[in-house]
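What follows is a single structure, written as C-alpha cells, with notes after it.
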Amino acid sequence: MHQNKSYTNQAKYFNAFNLINGIGPINFKKLLTYFHSLENAWSADLNEFNQAGLSQSLIEQIKKQRLKINPDWEMERINKEKISLITIQDKKYPKLLKEIYAPPPLLYIKGTIEPKDDFSIGIVGTRKLSSYGREITPLITSDLSQAGLTIVSGLAKGIDTLAHQAAIKAEKRTIAVLGSSVDKKSIYPAVNRRLAEEISQNGAVISEYPINTKPLAHYFPQRNRIISGLSLGILVIEAPEKSGALITAKDALEQNRDVFAIPGHILSNNSLGTNNLIKLGAKLVSNANDIIEELNLPNTFL
C-alpha cells in the first residue's frame, strides 16, 4: 500500500510541475536528475533550481506559480474527471514511447494502456479526405485491428476519425493522442467528444497536457511525436503536400520507426504527400499484409 501512495505522490508533483509554463520534457529530466524525486523539487529553494540547470526565466515562473498551485487540490480535479496519470518513472509507461527523444514525462489518460499496446500502428492522414480515403481507411484499419495491432491516431476529423471508428467496430483497441487535454470540455474537435468516450471504453485517450488545456496550433506537431512514438510504424493514408500527417511521418523516421504510405492518383492533391513519401523510401502499401510482414511481428502475436 505504501508503494502505491508514494507513486500517487510522485504523480501529484509531476502534475504540479506540468502546470508551470515552460517546463517541458527536457527540464523535467533536469529536475529528476538533480532532485531524484519531484516531491523534493517542489519544496526546493530557488537557488537549487539554478544548480539543477534551469534557466533564470523558468526559475522566475516557478517562483511565481508555485505559490498558486496546490498539488492535492489539482489531483482532486483530475480524479473528478476520472483521468489517470502515468509518469515516466512508472512501470506501465509505454515502452516504445520511452525510447524517443524528449518523451512526455507525464501522460493523462482516459481509459487504459495495456501491454498489448506495445504492438501498435499509427494511422494518419488528411482531414479533407476524398472518397478514395473514405473507402480505404476502414478496410485497411479493420484488417490491421483484426491482426491484433492497436490503432493509434489523433482524433482529428477525416482519416483519424475513420481509423478510430474502424477499430471500435472491430471491437479492437485504439488510442487517441490529443493536442489538447483529455478532460471532457477540452477534447478537440468537439464533434468527436462522443467518439473519445467510446475510445476510452476499449483503449485510451491520452495527452501530455494538464487539464483545461485548449487546443493551440503548436501543440499538434508536439502531439504527433507521441503518435509515432507509441507505434512500431506509421501508415499515411491521403496527405496533401503540406500536411500534419507528414510531420508525423518525419517524427517516425527520426525515431527509427517504419513509414508506410498508400499510393494515390497522381493528379489528386490529396496524394501528393503520400506519393512523395514513397519516392523518399516509405514502403508502398496496398493491403494490411504489406505492413504486418514488414513489421516482422512474432508468430505468437498473429
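Brief remarks on what is shown
- Among the conditions (1) polar (S, T, N, Q); (2) more than 21 Å from PRO94 (Cβ to Cβ); (3) in contact with a helix residue (DSSP H, G or I) (Cβ under 9 Å, 6 or more places away or on another chain), THR213 misses just one, which is (2).
- Residue in the range 220-227 that is of a type in the set (D, E, K, R), more than 24 Å from LYS98 (Cβ to Cβ), in contact with a strand residue (DSSP E or B) (Cβ under 6 Å, 6 or more places away or on another chain) and surrounded by 22 or more Cβ atoms within 10 Å (Cβ to Cβ) present: no
- LEU277 passes every criterion in (1) surrounded by fewer than 23 Cβ atoms within 10 Å (Cβ to Cβ); (2) over 18 Å from LEU107 (Cβ atoms) apart from (1).
- Considered as a group, the residues in the range 200-210 that are surrounded by 19 or more Cβ atoms within 10 Å (Cβ to Cβ) and either in contact with a Leu (Cβ under 6 Å, 6 or more places away or on another chain) or at pLDDT below 95 (or both) include one that is nearest to ASN18 (Cα to Cα), and that residue is PRO210.
Table: residues versus (1) touching a strand residue (DSSP E or B) at 6+ places or on another chain (Cβ under 7 Å); (2) modelled with pLDDT under 95; (3) not assigned by TED's automatic domain parsing to the domain that holds LYS214.
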| site | (1), (2), (3) |
| --- | --- |
| SER6 | no, yes, yes |
| ASN9 | no, yes, yes |
| TYR13 | no, no, yes |
| ASN18 | yes, no, yes |
| GLY22 | no, yes, yes |
| LYS30 | no, no, yes |
| HIS36 | no, yes, yes |
| ILE69 | no, no, yes |
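- For the range 232-261, the candidate set comprises residues that are free of Cβ contacts under 8 Å to residues at least 24 places away in the same chain and in a helix (DSSP H, G or I); within that set, the residue that is farthest from LEU97 (Cα to Cα) is LYS250.
- Top-ranked residue of the range 167-186 - restricted to ones that are without any contact (Cβ under 8 Å) to a residue 40 or more places away in the chain and within 23 Å of THR141 (Cα to Cα), ranked as surrounded by the fewest Cβ atoms within 10 Å (Cβ to Cβ): GLU171
- The C-beta contact set for the range 90-113 (first residue at positive phi, second residue in a loop (DSSP other than H, G, I, E, B), distance under 9 angstrom, 6+ apart or interchain) comprises GLY111/ASN202.
- Any hit, the range 103-110, residues being among the β-branched types (Val, Ile, Thr), at pLDDT 95 or above and not assigned by TED's automatic domain parsing to the domain that holds ALA239: yes
The values are calculated or read from the model by the stated rules, or taken from the named source; none is laboratory data. Model, not experiment: these values are computed from the prediction. In this analysis, Cβ positions are derived from the backbone assuming ideal geometry, glycine residues included, and neighbour counts consider all displayed protein chains.
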